[in-house]
């Protein structure tokens, strides 16, 4: 088996002599493969060992991820895979490549006294500044001919410490990597927990009396990975199909973009139709159960929101009706029941999605709605993840023009709120829409309904 980097960015990453190299800044650039190649230059040294970190253990063993890729590569070179009590590969010389998680800040103290000549971080933005800087102190080598060094891969996260650390390499107006600076070496020291930079090492050494470390960032993207583009064209299509924020980050490598109004839902992306254009395959009314009345102190509270959505035979989705109201708890329950009865008559809808807030109170509320709505198919689901993550699958279909709106007096109110997400004052309709969409897409044996 021949293992070699692709020409271009992978070769640049593997040939850099900087103490620390960050590689990537977009999806599909072959980051994991390059990171797994790096230790192979030392596997004939019986004293060599290194560690490759992911933030959590599941991230190591996820199918097709770090461990599976390494298993295919390393065992072909004669390595034995050891899985208990820790995961590592032992090569015929005795060299070891360890894979472990570093989930909490306090976990770094498990490595007190360690001397690790090569430390690698997969998806560096998942790790904290403390984890990174502490492990710098463990990056030591007593092996002749091996200078200690660190390698890391990353995808864009504008709110991470990594974005600030590599800002010299990033156009701060556009968020894109400055390609002419990629691979250029700079020098830094850490003083009072802050990095101080210079273009030459003596500038820092003479001023602070601290030996600096060399650093570079090498940007890459799927367009640098010819093998992936040739063998898995669907991956590029999948990246292009993401919502605007995710696409900018993972496809185009934008380190500055953040969720903002209009980036998820634009009113002109959802056609308004006068009639349902195709057969309804499945239908659901999802609710956001805010129970707040208007008061002089709060003239614009969160609203109870119910979105009736259907999936069509042609693969599109259509919003059939929207309800909003500022109601007390009793009013909410009555509205949910009354509208359920209307939906059954008007659209033969019998499926109602009720969100379950965390904790015992949320569980009890959800179960009370199941009892209250006896005779209907009531789905309860615990709320997990951020609002943005919940909304993203729906936003992708919206941006592709696959969500229709049935003409109604609610259209303007609905598109106004969605267009302001996630910066708007309210997001009740977004939550209800996302839950309805996610419920409809979880239906099994969809083809049998056609």
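The values are calculated or read from the model by the stated rules, or taken from the named source; none is laboratory data. Keep in mind it's a predicted model, so treat the numbers as computed, not measured. Positions of Cβ are backbone-derived with ideal geometry, glycine not excepted, and every protein chain shown enters the neighbour counts.
A few remarks follow.
- Cβ pairs under 7 Å, 6+ apart, first in segment 149-163 and on the phi > 0 side of the Ramachandran plot and in the same structural domain as residue 130 (by TED's automatic domain parsing), second surrounded by fewer than 18 Cβ atoms within 10 Å (Cβ to Cβ) and outside any strand (DSSP E or B): none
- If the condition is being assigned to a strand (DSSP E or B), surrounded by 13 or more Cβ atoms within 10 Å (Cβ to Cβ) and out of contact with any helix residue (DSSP H, G or I) (no Cβ under 8 Å at 6 or more places or on another chain), then segment 54-84 contributes only 82.
- Meeting the requirement of 3 or more residues that are farther than 22 Å from residue 260 by Cα and free of Cβ contacts under 8 Å to residues at least 60 places away in the same chain, the helices (runs of 4 or more DSSP H) wholly within segment 356-434 are 359-372.
- In segment 205-252, the residues that are touching a helix residue (DSSP H, G or I) at 6+ places or on another chain (Cβ under 7 Å), part of a loop (DSSP other than H, G, I, E, B), at pLDDT 90 or above and closer than 22 Å to residue 177 by Cα: 220, 251
- Residue count for segment 164-182, restricted to those that are buried (at least 16 other Cβ atoms within 10 Å of the Cβ), under 13 Å from residue 25 (Cα atoms) and touching a helix residue (DSSP H, G or I) at 6+ places or on another chain (Cβ under 8 Å): 5
- For residue 413, the conditions (1) within 30 Å of residue 269 (Cβ to Cβ); (2) crowded, with 17+ Cβ neighbours inside 10 Å; (3) modelled with pLDDT under 95 are fulfilled apart from (2).
One line per residue, one yes/no per condition, for (1) part of a strand (DSSP E or B); (2) closer than 17 Å to residue 56 by Cβ; (3) in contact with a strand residue (DSSP E or B) (Cβ under 9 Å, 6 or more places away or on another chain):
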residue: 89; (1), (2), (3): yes, no, yes
residue: 98; (1), (2), (3): yes, yes, yes
residue: 107; (1), (2), (3): no, yes, yes
residue: 131; (1), (2), (3): no, yes, yes
residue: 152; (1), (2), (3): yes, yes, yes
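- Matching entry among 255, 187 (being crowded, with 18+ Cβ neighbours inside 10 Å, modelled with pLDDT of 90 or more and not assigned by TED's automatic domain parsing to the domain that holds residue 28): 255
- Qualifying residue in segment 21-32 (condition: assigned by TED's automatic domain parsing to the domain that holds residue 217, loosely packed, with under 13 Cβ neighbours inside 10 Å and either touching a helix residue (DSSP H, G or I) at 6+ places or on another chain (Cβ under 6 Å) or not in a loop (DSSP other than H, G, I, E, B) (or both)): no
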